[in-house]
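Student: Handing you this structure, nothing more for now.
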Amino acid sequence: MENQMRILFVYTVNTCLSPMAEHLFRKMLKDAGQTDVQVASAGVTPAIWMDMPIEAKAALKEEGVDGFEHGARTLEE
């Protein structure tokens, strides 16, 4: 979609804060019935060898965000 809004959450390693923001915002959009927004996250120096901390996953689960996969991604132009 040409007019689709795109939002990118960026933080250093992309294993905790930026993916949490990404997944929480996706849930908020879904709950609001918004389908015209593309959401992603990336890291300046991503820790591609690290999983999202279990504490972050637990916090997301408490907010109703569960059953997703996340791998750290590099911020690109």
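The values are calculated or read from the model by the stated rules, or taken from the named source; none is laboratory data. In this text, all values refer to a predicted model and were calculated from it rather than measured experimentally. A quick note on method: Cβ atoms are made from the backbone with ideal geometry, for glycine too, and the neighbour counts reach across all protein chains shown. Just the protein is used for accessible areas: all its heavy atoms, side chains included, with ligands, DNA and RNA removed. Shrake-Rupley method; radii C 1.70, N 1.55, O 1.52, S 1.80 Å.
Student: From 15, 35, grab the single residue that is over 11 Å from the mean Cα position of the chain (by Cα) and either of a type in the set (Ser, Thr, Tyr) or modelled with pLDDT of 90 or more (or both). Even if it seems obvious, please write down each step before you answer.
Tutor: Numbers: 15 fails: over 11 Å from the mean Cα position of the chain (by Cα).
Just one listed residue meets the conditions, 35.
Yes/no per residue for (1) open to solvent by 40 Å² or more (accessible area, probe 1.4 Å); (2) part of a loop (DSSP other than H, G, I, E, B); (3) within 19 Å of residue 74 (Cβ to Cβ):
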| site | (1), (2), (3) |
| --- | --- |
| 10 | yes, no, yes |
| 28 | yes, no, no |
| 35 | yes, yes, no |
| 49 | yes, yes, yes |
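Student: Of the residues 77, 69, 55, only one is in a helix (DSSP H, G or I), without any contact (Cβ under 8 Å) to a residue 40 or more places away in the chain, open to solvent by 70 Å² or more (accessible area, probe 1.4 Å) and not basic (Lys, Arg); which?
Tutor: On the way: 77 fails: in a helix (DSSP H, G or I); 69 fails: in a helix (DSSP H, G or I).
55 is the lone residue from the list that is in a helix (DSSP H, G or I), without any contact (Cβ under 8 Å) to a residue 40 or more places away in the chain, open to solvent by 70 Å² or more (accessible area, probe 1.4 Å) and not basic (Lys, Arg).
Student: If the Cβ limit is 6 Å and pairs must be 6+ apart or interchain, which residue in the stretch 17-38 that is within 16 Å of residue 6 (Cβ to Cβ) pairs with which residue that is small (Gly, Ala, Ser) and open to solvent by less than 30 Å² (accessible area, probe 1.4 Å)?
Tutor: These pairs meet every condition: 18/41; 22/41.
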